[in-house]
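Working notes, beginning with the structure itself.
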Amino acid sequence: MLTESAKLQPSCADDNEAGVLSVNEARQRVLANITPITAMEKMALRTALGRVLAEDVTSPLNVPSHTNSAMDGYAVNITDLANDISQFECIATAYAGQPYKGQCQAAQCVRIMTGAPIPRGTDTIIMQEQAEVLPDGKVRFNGKHRAGQNVRLAGEDITIGSAVINSGRRILPADIGVLASLGIGELHVRRRPRVAFFSTGDELRSIGEVLDDGEIYDSNRYSLYGMLTRLGVELMDLGVIPDQPAAVREAFQMASSMADVIITSGGVSVGEADYIKPVLEELGEIKFWKIAMKPGRPLTFGHLGKSLFFGLPGNPVSVMVTFYQFVQPALHFLASGTPYIPLTLHASCSQDLRKRQGRTEFLRGILQQSDNAELQVAATGQQGSGMLSSMSRANCFIILSEDCGDIKAGSVVPVQPFDCFV
Ligand code: AMP
Ligand code: MG
């Protein structure tokens, strides 16, 4: 079934035709069709790494739980220093985990280690480098001191009852550390999105098979596997489906019975062996299928039963570009209910670039910092949408917006890093 807005869209291959969506419009339309997952499960803290928190966590404790020393040194009462007491009797040693429970009197100090609770009668820590132990065992302090210096106050990091981490947050290593510091061993997290994906094409062979004339190895399922795995979704790899309507239909039905999101690659153009769109039209609903972008123009988005459907183009670079631009924000929103805001930097472009106005172009770039700390980006060379090695060499997209034309070397261009931490 075609939606009214989809029917209005002309089908000829001109990027400037009315009805072709801009990248931003297309992304908004995708997001508007998503209801975030709310189902949750309970799991142990470590297992929850990378999962999306399904509850607001408030602190059951103060962190630190007691006022303690930030230094190895001596605990004193600042009033004694103000009263010009110059020598102190050291009455005890306090360790982290072994506090001194007595009371410190005037002209007394306590030797104290980092993390030990501040003894009663003291309020200030003097670091050991500013202390001198005299032959008779008394201690003299050098330098100037301020009341409360080198003291960590109870609750200064996290106050009991305060909001710590909100629902919708993807749990990072620091988060499990913070939660552990609160003694929280189990969490409610959201169910992970289930994603079914398959490749289409009679020419595709799997690794291990011998290539006959005109055949190629299926790479899209592998790059999709990599990108999806990083997002922490539940994967269902349905393999390679031949260019036959019956086979495509069967794969669609199988995928929609299991998955929240279906991702296919190939078969979305207007060639004679392109069955994705007609079968989606028959069994589901097409929301749009053309975007003013390069590469990735024929991305097909719609519904199949309760599943969201992304029919990505076949060319391997287009698959990765459309995944990062549309599928990743969609999966993020589905999983967490929070918007996905990719990091966009601005870098000086080290070469002239040709750019056609009226569409957004995503060039593969190599982003680096120059000796004078300026961000610089260069295109990876040949940018054909079938050249996956250009993705492999790149660490960012250079994003040339619809209204921009040719770029001169030295111009500042927006870049979106991916894989920059590898
Ligand atoms: P299509 O959109 O099906 O016409 O595919 C466009 C181009 O991408 C063709 O050259 C296909 O051979 C190639 N292609 C399609 N699917 C894959 C895949 N899974 N792995 C590698 N190349 C593919
Ligand atoms: Mg094909």
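The values are calculated or read from the model by the stated rules, or taken from the named source; none is laboratory data. In this text, all values refer to a predicted model and were calculated from it rather than measured experimentally. Here the Cβ is made from the backbone with ideal geometry for all residues, glycine too, and neighbour counts use every protein chain on show. These accessible areas exclude ligands, DNA and RNA; they are computed on the full protein's heavy atoms, side chains included. Shrake-Rupley method; radii C 1.70, N 1.55, O 1.52, S 1.80 Å.
One line per residue, one yes/no per condition, for (1) more than 26 Å from Thr38 (Cβ to Cβ); (2) more than 16 Å from ligand 1 (Cβ to nearest atom); (3) open to solvent by 60 Å² or more (accessible area, probe 1.4 Å):
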residue: Asp175; (1), (2), (3): no, yes, no
residue: Leu182; (1), (2), (3): no, yes, no
residue: Phe198; (1), (2), (3): yes, no, no
residue: Arg205; (1), (2), (3): yes, no, yes
residue: Asp237; (1), (2), (3): yes, no, yes
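Of all the listed residues (Gly148, Gly168), the sole one being touching a residue at least 60 places away in the same chain (Cβ under 8 Å), in a loop (DSSP other than H, G, I, E, B) and in contact with a helix residue (DSSP H, G or I) (Cβ under 6 Å, 6 or more places away or on another chain) is Gly168. The set of residues in the range 17-75 being farther than 30 Å from Thr114 by Cβ, polar (S, T, N, Q) and part of a loop (DSSP other than H, G, I, E, B) consists of Ser22, Asn33, Thr35, Thr38.
Residue-wise test of (1) out of contact with any helix residue (DSSP H, G or I) (no Cβ under 7 Å at 6 or more places or on another chain); (2) modelled with pLDDT under 95; (3) assigned to a helix (DSSP H, G or I).
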site: Leu228; (1), (2), (3): yes, no, yes
site: Met236; (1), (2), (3): no, no, no
site: Asp243; (1), (2), (3): yes, no, no
site: Arg249; (1), (2), (3): no, no, yes
site: Met254; (1), (2), (3): yes, no, yes
site: Ser257; (1), (2), (3): yes, no, yes
site: Thr264; (1), (2), (3): no, no, no
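On the stretch given as the range 252-287, residues that are within 14 Å of ligand 1 (Cβ to nearest atom) and under 10 Å from Ala196 (Cα atoms) total 2.
The residues of the range 213-237 that are within 16 Å of ligand 2 (Cβ to nearest atom), over 20 Å from Gly271 (Cβ atoms) and free of Cβ contacts under 8 Å to residues at least 60 places away in the same chain, listed by number, are Tyr217, Arg221. Screening the range 86-106 for residues that are open to solvent by less than 50 Å² (accessible area, probe 1.4 Å) and part of a loop (DSSP other than H, G, I, E, B) and picking the one that is farthest from Ile125 (Cα to Cα) gives Gly102. When we screen Thr58, Thr79, Thr114 for residues that are more than 25 Å from Asp157 (Cα to Cα) and polar (S, T, N, Q), the only hit is Thr79.
Would you confirm whether any residue within the range 166-177 is hydrophobic (A, V, I, L, M, F, W, C), in the same structural domain as Ser307 (by TED's automatic domain parsing) and touching a strand residue (DSSP E or B) at 6+ places or on another chain (Cβ under 9 Å)?
Taking the range 166-177 and keeping what is hydrophobic (A, V, I, L, M, F, W, C), we get 171-172, 174, 176.
Next cut, in the same structural domain as Ser307 (by TED's automatic domain parsing) only: none.
No, the conditions are met nowhere in the range 166-177.
Scan the range 332-360 for residues that are part of a loop (DSSP other than H, G, I, E, B) and hydrophobic (A, V, I, L, M, F, W, C) and the total you get is 2.
Counting only residues that are over 22 Å from Ala48 (Cα atoms) and open to solvent by 40 Å² or more (accessible area, probe 1.4 Å), how many does the range 144-173 have? Steps first, answer last, please.
Start the filter on the range 144-173 by keeping residues that are over 22 Å from Ala48 (Cα atoms), which leaves 144-157, 159-161.
So of that shortlist, the ones also open to solvent by 40 Å² or more (accessible area, probe 1.4 Å) come out as 144-147, 150, 152-154, 156-157, 159-161.
Within the range 144-173, residues that are over 22 Å from Ala48 (Cα atoms) and open to solvent by 40 Å² or more (accessible area, probe 1.4 Å) number 13.
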